[in-house]
Amino acid sequence: MNDTALDEALRAGARVTDDEVSGWSLDGADDALLAGLVAEPAPVRRRRGRLLAMAASILVVAGGFTGVAVSGYGPGSAEEAYAAEVMAAADLATRLMVDDPAWRITYVDETAGDLEFRSGRGRISVSVYRLSEFDGFVEDRREVGKLEPSRLFGRPAVTVVEDGRPQEIFGRLDDKRMVGVSFAAADHDVVLTKLRVVPSRQWLDALPDSVFSGDRRTLAIEEMLDGLPLPPGYDPGPLKRQGLISDRYGLGARVVQDVGCRWFDRWFDAQERGDAAGADQASRTLRTSGDWPVMREMEADGDYPGIFGFYAEATKDGRTRNPDRDLTRQRVNNALGCTI
Amino acid sequence: VADDAEVERFRRLFAEHFRPIYGYALRRAPSPEQAADVASETFTVAWRRLADVPDGREGRLWLYGVAQRVLANAHRGERRRDRLVERLGAVASQRFADGADHGGEPGERVREALAELAVTDREVLVLSAWEQLTPVEIGVVLGLPAATVRTRLHRARARLRERLTSEVLEVGR
């Protein structure tokens, strides 16, 4: 499936297109809304200089929406002790830092493999990919700029130069992973000379408070589990030991998967052995998912709760609505990230 | 009291951008009613901040940025929903009932696959495919450098392709 076919598939996934909306008769509802708005108190009159402030506030909000909000910095103490499982997880993480106190880690996304560093107005974004994607990236960038050889982490890398300014670097992190780094042209040298892999403790110390690690992650998981219907014998221990960091939405999805997938599993088990009462109990439990506190919180940031609810509803009679098809373990796994 | 020039500028802004913003909200909000709420709130912000709204295409990007924030907060707490917003939502519900909603199996599969992506990846992908924004424009809406948008777009496409391909195989079984 090439990019054009993928974009076509994506457009098929849109509930409605702009062309369709522009052709709709809204029966004057839009005009009535406009009349209602201009009847409200007059706009705040401010000098155009405020435009930047407003734009900045939107950026902050967008940052909060798309990932981890930035607020202060982590333990920061050389004396800080980390639990063995946190250290073990950090050993496996992408422990990159800019070796300069002016640059701080401001964003980490465990799910997507993204890191961001900031210094004043400077920003360096790092995304981690499978090494097998390297050639694809390089090919893709031939369309937009000039490719120049460079070095990152002591290995050969490729810098993408657009309009005479270096914008991106693709480099090999190890024998399995690569990184794509984007930055302002002025920070090209910072990336080449100061971006490096650091030991686990140093990296953990540098994480901002907004990243869930160690005890904060455990506490957040406990808070999210509170209010979820836990299946008999459920042990949250393995969940608490998995991974290291996540944004709150990602962590919420992980928690809901850990509990919710077990209820789906119980429903399928009961169906398979003809246990109508067991299936009914699992189905009733799943169909309360819209009321789970963690789901309500996640609704604001993504579609996971809605899709979970769609499949939970299907346990009523074993068929999904729109499209109408049998509910199978495979479909639940594909849609919800379960492994049942 | 608003002066005539302000009202006139807002009318032009509304005429040019209301439907695309409503479309943006309809594609993302759980229901047409909530989408009406998001579009209405976005233009309420635009009215109050009229002096801050850039003209032309930049104005559209500014509005997408506001709509994104409104959407993110849409479920956090009760919102005022007045009669005008309800009416707009009811009209869109009727249009969907008339067959506008692409709710068939292929659309459903794509929406499920999208939900599996990280939020950061999903938004760059849909701003590109649904709103037809360029990487530079997506960068303005999301506050990201264009190069970062490109890397995320590339990765998001690869991941979605992977998800859709496995789903197609599964359905074909």
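The values are calculated or read from the model by the stated rules, or taken from the named source; none is laboratory data. Every value quoted in this text rests on a predicted model; they were computed, and no experiment measured them. Reconstructed Cβ throughout: ideal geometry from the backbone, glycine too, with neighbour counts over all protein chains shown.
For residues that are free of Cβ contacts under 8 Å to residues at least 12 places away in the same chain and closer than 22 Å to residue B:94 by Cβ, tally how many sit in region B:24-54.
Residues that pass the stated criteria total 1.
Checking residue A:294 against (1) farther than 23 Å from residue A:326 by Cβ; (2) within 9 Å of chain B (Cβ to nearest Cβ); (3) not small (Gly, Ala, Ser), which single condition isn't satisfied?
Single failed check for residue A:294: (2).
Take the residues in region B:122-138 that are part of a helix (DSSP H, G or I) and more than 8 Å from every other protein chain (Cβ to nearest Cβ); name whichever of them is modelled with the highest pLDDT.
Among those that are part of a helix (DSSP H, G or I) and more than 8 Å from every other protein chain (Cβ to nearest Cβ), it is B:127.
Please enumerate the residues belonging to region A:118-135 that are out of contact with any Gly (no Cβ under 6 Å at 6 or more places or on another chain) and either surrounded by 15 or more Cβ atoms within 10 Å (Cβ to Cβ) or closer than 20 Å to residue A:184 by Cβ (or both).
A:118, A:119, A:120, A:121, A:122, A:123, A:124, A:125, A:126, A:129, A:133, A:134, listed by residue number.
What about residue A:21, is it at the interface with chain B (Cβ under 7 Å from one of its Cβ atoms), part of a loop (DSSP other than H, G, I, E, B) and at pLDDT 50 or above?
No: the conditions fail for residue A:21.
Might you check whether a residue that is modelled with pLDDT of 75 or more, in contact with a Lys or Arg (Cβ under 8 Å, 6 or more places away or on another chain) and of a type in the set (Ser, Thr, Tyr) occurs anywhere in region A:124-137?
yes
Pick out the one residue from A:59, A:6, A:33, A:115 that is crowded, with 19+ Cβ neighbours inside 10 Å, within 7 Å of another protein chain (Cβ to nearest Cβ) and either closer than 19 Å to residue B:149 by Cα or at pLDDT below 70 (or both).
Every option except A:6 fails the conditions.
Which of the following residues is under 21 Å from residue A:202 (Cβ atoms), modelled with pLDDT of 75 or more and within 19 Å of the chain's Cα centre (by Cα): A:92, A:96?
Answer to the selection: A:96.
When you look at residue B:141, is it part of a helix (DSSP H, G or I), at the interface with chain A (Cβ under 7 Å from one of its Cβ atoms), within 22 Å of residue B:34 (Cα to Cα) and modelled with pLDDT of 85 or more, yes or no?
It is false that residue B:141 is part of a helix (DSSP H, G or I), at the interface with chain A (Cβ under 7 Å from one of its Cβ atoms), within 22 Å of residue B:34 (Cα to Cα) and modelled with pLDDT of 85 or more.
Considering only region A:121-177, how many residues are part of a strand (DSSP E or B) and of a type in the set (Gly, Ala, Ser)?
Final tally of qualifying residues: 6.
When you go through B:112, B:167 one by one, which is the residue that is at pLDDT below 80, in a helix (DSSP H, G or I), closer than 14 Å to residue A:9 by Cβ and at the interface with chain A (Cβ under 7 Å from one of its Cβ atoms)?
Going through B:112, B:167 in turn, just one is at pLDDT below 80, in a helix (DSSP H, G or I), closer than 14 Å to residue A:9 by Cβ and at the interface with chain A (Cβ under 7 Å from one of its Cβ atoms): B:167.
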